[in-house]
Amino acid sequence: MSARSPIVSAFLAVEGRVTQAAVNLGTAGLAIAAVIGLYQVLARFVFHAPASWSEPLIQATLIWMTYITLAGAMRTGTLISVDLALSVSTGKLRRLLTAAISISVLALLFVLFWFGCILVWRVRSQTIAGIGLSASWVYAALPVGSVISSLALIAHVLDPSEEGDHQTENAG
């Protein structure tokens with residue numbers, strides 16, 4: 001195992017905490033969306049009193065859940081690899097392919113960040129019907145999630161020890 005610089009170690013420590021918090025929040029978001037969905041069904045079909053706020057809140061929760069938990073997949077390399085190409089490549093070609101994939105995903109995350117910021121700015125005066133929340137807060141998940149995912153992607157490149165299930169299956 002090679003020695004890491006103090007800066008890389010500090011970055012990986014901070015990224016690990018940020019990614020774990022994002023995954024925990026995303027997991028909580030899924031649980032919250034499920035509970036609200038259950039309430040929505042009960043309110044509509046059992047109590048015959050539909051809640052107008054439940055569906056937009058579920059949508060907002062799922063948007064945030066999706067974009068912030070993307071970091072967990074980035075950290076483990078789950079969305080980064082192209083399994084067939086990586087399984088048949090070795091040595092220098094594999095490193096080159098991994099670098100190309102990582103740069104491509106980072107570019108995609110930058111585009112997501114850029115257009116997410118534009119979207120947040122454009123919808124700043126709109127409110128989500130039913131919950132009265134600014135649409136900017138909902139769509140802020142795009143730039144926030146892309147920044148967290150970028151950190152996780154960089155951490156995966158620096159320390160690829162946390163590998164996804166697909167890579168351990170290919171190794172066996």
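Collect the residues in the stretch 79-102 that are loosely packed, with under 12 Cβ neighbours inside 10 Å and either within 18 Å of the chain's Cα centre (by Cα) or among the small types (Gly, Ala, Ser) (or both), keeping them in residue-number order. Answer for the stretch 79-102, where residues must be loosely packed, with under 12 Cβ neighbours inside 10 Å and either within 18 Å of the chain's Cα centre (by Cα) or among the small types (Gly, Ala, Ser) (or both): GLY91, ALA99.
LEU112 meets all of the listed conditions (1) at pLDDT below 95; (2) touching a Pro at 6+ places or on another chain (Cβ under 8 Å); (3) part of a helix (DSSP H, G or I) but one, namely (1). Among the residues of the stretch 3-13, those identified as without any contact (Cβ under 8 Å) to a residue 40 or more places away in the chain and either touching a Pro at 6+ places or on another chain (Cβ under 6 Å) or aliphatic (A, V, I, L, M) (or both) are ALA3, ILE7, ALA10, ALA13. Taken over the stretch 26-64, the criterion of being assigned to a helix (DSSP H, G or I), among the aromatic types (Phe, Trp, Tyr) and surrounded by fewer than 13 Cβ atoms within 10 Å (Cβ to Cβ) is satisfied by PHE45 alone. Taken over the stretch 111-127, the criterion of being surrounded by 12 or more Cβ atoms within 10 Å (Cβ to Cβ) and in contact with a Ser or Thr (Cβ under 8 Å, 6 or more places away or on another chain) is satisfied by LEU112, PHE113, GLY116, VAL120, VAL123, ARG124, GLN126, THR127. Can you find, within the stretch 1-25, the residue that is surrounded by the most Cβ atoms within 10 Å (Cβ to Cβ) among those that are part of a helix (DSSP H, G or I) and of a type in the set (D, E, K, R)? For the stretch 1-25, the residue satisfying everything is GLU15.
Against the numbered list (1) surrounded by 15 or more Cβ atoms within 10 Å (Cβ to Cβ); (2) assigned to a helix (DSSP H, G or I); (3) at pLDDT below 95, ILE131 comes up short only at (2). Of the residues making up the stretch 15-42, those that are out of contact with any helix residue (DSSP H, G or I) (no Cβ under 7 Å at 6 or more places or on another chain) and without any contact (Cβ under 8 Å) to a residue 60 or more places away in the chain are ARG17, GLN20, ALA21, ASN24, THR27, ALA28, ALA31, ALA34, VAL35, LEU38, VAL41, LEU42. Exactly one residue among VAL157, VAL144 is surrounded by 14 or more Cβ atoms within 10 Å (Cβ to Cβ), β-branched (Val, Ile, Thr) and modelled with pLDDT of 95 or more, and that residue is VAL144.
All of GLY77, GLY29 fail the test of being under 26 Å from ILE131 (Cβ atoms) and of a type outside the set (Val, Ile, Thr), apart from GLY29.
The values are calculated or read from the model by the stated rules, or taken from the named source; none is laboratory data. Here the structure is a predicted model, which is why all the values come from computation and not from measurement. In this analysis, Cβ positions are derived from the backbone assuming ideal geometry, glycine residues included, and neighbour counts consider all displayed protein chains.
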